[in-house]
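The values are calculated or read from the model by the stated rules, or taken from the named source; none is laboratory data. Predicted model only: the values in this text are computed from it and were never measured. Cβ placement follows ideal geometry from the backbone for every residue including glycine, while neighbour counts extend to all protein chains displayed. In case anyone asks, the SASA skips ligands and DNA or RNA and just uses the protein heavy atoms, side chains included. Shrake-Rupley method; radii C 1.70, N 1.55, O 1.52, S 1.80 Å.
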Amino acid sequence: MDEKRRSSSSQLNPSLLNRREALRLVTAAGLTPPLAFASTGGPQAARPPRPPAQPVSAETSIPNLTLAQDAFLDDLEHSACRFFFEQAHPKNGQVRDRGPAAGNEIRRAASTAATGFGLTALCIADVHHYYPTTDIRTRVLNTLQFHLEQMVHERGFLFHFADIVTGKRIWDCEMSSIDTAIFLCGALTCKAYFAGDTGPERQIRELATKLYERVDWPWMLNGGSTFSMGYKPESGFLKARWSTYCELMMLYLLAIGSTTHPIEPTYWQNFARPYINYAGFRYLSDLAPLFTHQYSHAWFDFRNQRDRYVNYFQNSVAATRAHKAFCLAQANQYSDDYWGVTASDSIAGYTAWGGPPMLGRIDGSVVPSAAAGSLPFLPQECLRTLMAMRERYEQNAWGRYGFVDAFHPTSDWYDTDIIGIDQGISLLMAENLRTEFVWKTFMSNPEPQAAMKLAGFHT
């Protein structure tokens, strides 16, 4: 899921930076309030806004969208699918970590997570007839075949980044547990979607099944009670662990649901679940940007379900409301028509910023994937800001693939790049809001259903 970032002027000065590394650097630089702020009962920021009266989010019904709202979402999705089709290798299906907003690209860094989003994007593109079915089916087949037969892996885990032509490891990156999980979510979506009796569709199902079944999940635990974030052939397992609530739920559920190399369901209890209190909102969260409340929800349908701890869908609703309130409290930098900050490019380079609590130096920039990735949680509020931003800043902030990754109109700065995973979460959540397609398709696989039951989810 993380992406290497090349930056010449970042305040964090990363020459090569990924999302988790950026978050570590931001927190290490003291750019957040004391941890007590984020813990249960901790002091709150000066003059936080009062939470507005909000109706309880409807978890099961698709909201009635206006024709203008539906047309906007269709345009956003079509543009995003264009990114995943054009910025992927036509023969092996690997998707670039990032690409230029104007199209065309020569950079060769592909992202395993972006490819997972891309596999799902191909299914969405077929549903909406954005590309011919034969082209889409061939692309999916080639992608799965290449990753099964030619990509280097260890016990089924794939490298975080690879050369888009050769598939070979780049930047000495790790074999990533979470990025492999995102890739598998895309593969399993294809497995459920291409259900026909034709030879290619049978092949797609067989390849996706093999990719999932070959993953040795217990191995990535490395004897611990939580998953390692990765493994390097030359140095072994990373010390960093997926040990605190964030985007990790898909990783644990895929492992619990495995029919070949499962982990015990009790591992679901092993990651910490700290709470944040902000302006009257209380929700499960680590000190991390908003995307951590979105990624697992793109595929796993947590609506109207809870485990022994919480309803995670409603938790993300609260996190999104708190984030909007946090933005509006930032000294007139944001409004109902302009809000949303999550890990992204910035004027100073790539950074893992957001809040609450304050994470990084919020400067008035906006990141469209913050609201787009939360569309099912707060449909009207997210649609309002996204549509207003496009209407006002379209000339510079909207291009061939939709919104640029981030922009700051006051400083006349508009990112020139699209980041694959930010584009991916925007696309999948827009489609879930409109039709629930990704949820319904992915959850029709027996493994995620079984995993949620084993983890203790119930209505």
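Take the residues in the range 312-340 that are touching a residue at least 12 places away in the same chain (Cβ under 8 Å) and assigned to a loop (DSSP other than H, G, I, E, B), then tell me which one is nearest to L119 (Cα to Cα).
At the first step, the residues of the range 312-340 found to be touching a residue at least 12 places away in the same chain (Cβ under 8 Å) are 312-330, 333-334, 336-340.
Still in the list and also assigned to a loop (DSSP other than H, G, I, E, B): 329-330, 333-334, 336-337, 339-340.
Details: A329: 38, Q330: 38, Q333: 37, Y334: 34, D336: 33, D337: 32, W339: 29, G340: 26 Å.
Across the range 312-340, the extreme among qualifying residues is G340.
For the range 160-171, which positions are assigned to a loop (DSSP other than H, G, I, E, B), open to solvent by 40 Å² or more (accessible area, probe 1.4 Å) and at pLDDT 95 or above?
Narrowing the range 160-171 to residues assigned to a loop (DSSP other than H, G, I, E, B): 160, 164-168, 170-171.
Filter once more, keeping what is open to solvent by 40 Å² or more (accessible area, probe 1.4 Å): 165-166, 168, 171.
Of everything in the range 160-171, those that are assigned to a loop (DSSP other than H, G, I, E, B), open to solvent by 40 Å² or more (accessible area, probe 1.4 Å) and at pLDDT 95 or above turn out to be V165, T166, K168.
How many residues does the range 298-315 hold that are crowded, with 18+ Cβ neighbours inside 10 Å, touching a helix residue (DSSP H, G or I) at 6+ places or on another chain (Cβ under 8 Å) and either of a type in the set (G, A, S) or farther than 16 Å from L253 by Cα (or both)?
Selection size over the range 298-315: 2.
Taking the range 424-440, which residues are buried (at least 22 other Cβ atoms within 10 Å of the Cβ) and under 18 Å from L184 (Cα atoms)?
Across the range 424-440, the qualifying residues are G424, I425, L427, L428, M429, V438.
I need the full set of residues from the range 119-148 which are open to solvent by 50 Å² or more (accessible area, probe 1.4 Å) and outside any helix (DSSP H, G or I), in order please.
H129, P132 - these are the residues of the range 119-148 that are open to solvent by 50 Å² or more (accessible area, probe 1.4 Å) and outside any helix (DSSP H, G or I).
Being under 20 Å from A181 (Cβ atoms) and open to solvent by 10 Å² or more (accessible area, probe 1.4 Å) is true for just one of P265, P289. Which residue is that?
On the way: P289 fails: open to solvent by 10 Å² or more (accessible area, probe 1.4 Å).
One residue alone meets the criteria, P265.
Select from the range 189-229 the residues that are of a type in the set (V, I, T) and touching a residue at least 60 places away in the same chain (Cβ under 8 Å) and write down the one among them that is nearest to I256 (Cα to Cα). Before the answer, list the steps.
Restricting attention to the range 189-229, the residues satisfying the condition of being of a type in the set (V, I, T) are 189, 198, 204, 209, 215, 226.
Restricting the remaining residues to those that are touching a residue at least 60 places away in the same chain (Cβ under 8 Å) gives 189, 204, 215.
Numbers: T189: 18, I204: 23, V215: 12 Å.
Residue satisfying both the conditions and the ranking: V215.
Out of A272, A318, I need the residue that is open to solvent by 10 Å² or more (accessible area, probe 1.4 Å) and in contact with a Phe, Trp or Tyr (Cβ under 6 Å, 6 or more places away or on another chain). Which one?
Numbers: A272 fails: in contact with a Phe, Trp or Tyr (Cβ under 6 Å, 6 or more places away or on another chain).
Going through A272, A318 in turn, the sole match is A318.
The rows are residues; the columns are (1) polar (S, T, N, Q); (2) in contact with a strand residue (DSSP E or B) (Cβ under 7 Å, 6 or more places away or on another chain); (3) at pLDDT 95 or above; (4) not in a helix (DSSP H, G or I).
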position: A370; (1), (2), (3), (4): no, no, yes, no
position: S374; (1), (2), (3), (4): yes, no, yes, yes
position: F377; (1), (2), (3), (4): no, no, yes, yes
position: C382; (1), (2), (3), (4): no, no, yes, no
position: M387; (1), (2), (3), (4): no, no, yes, no
position: R392; (1), (2), (3), (4): no, no, yes, no
position: T410; (1), (2), (3), (4): yes, no, yes, no
position: D422; (1), (2), (3), (4): no, yes, yes, no
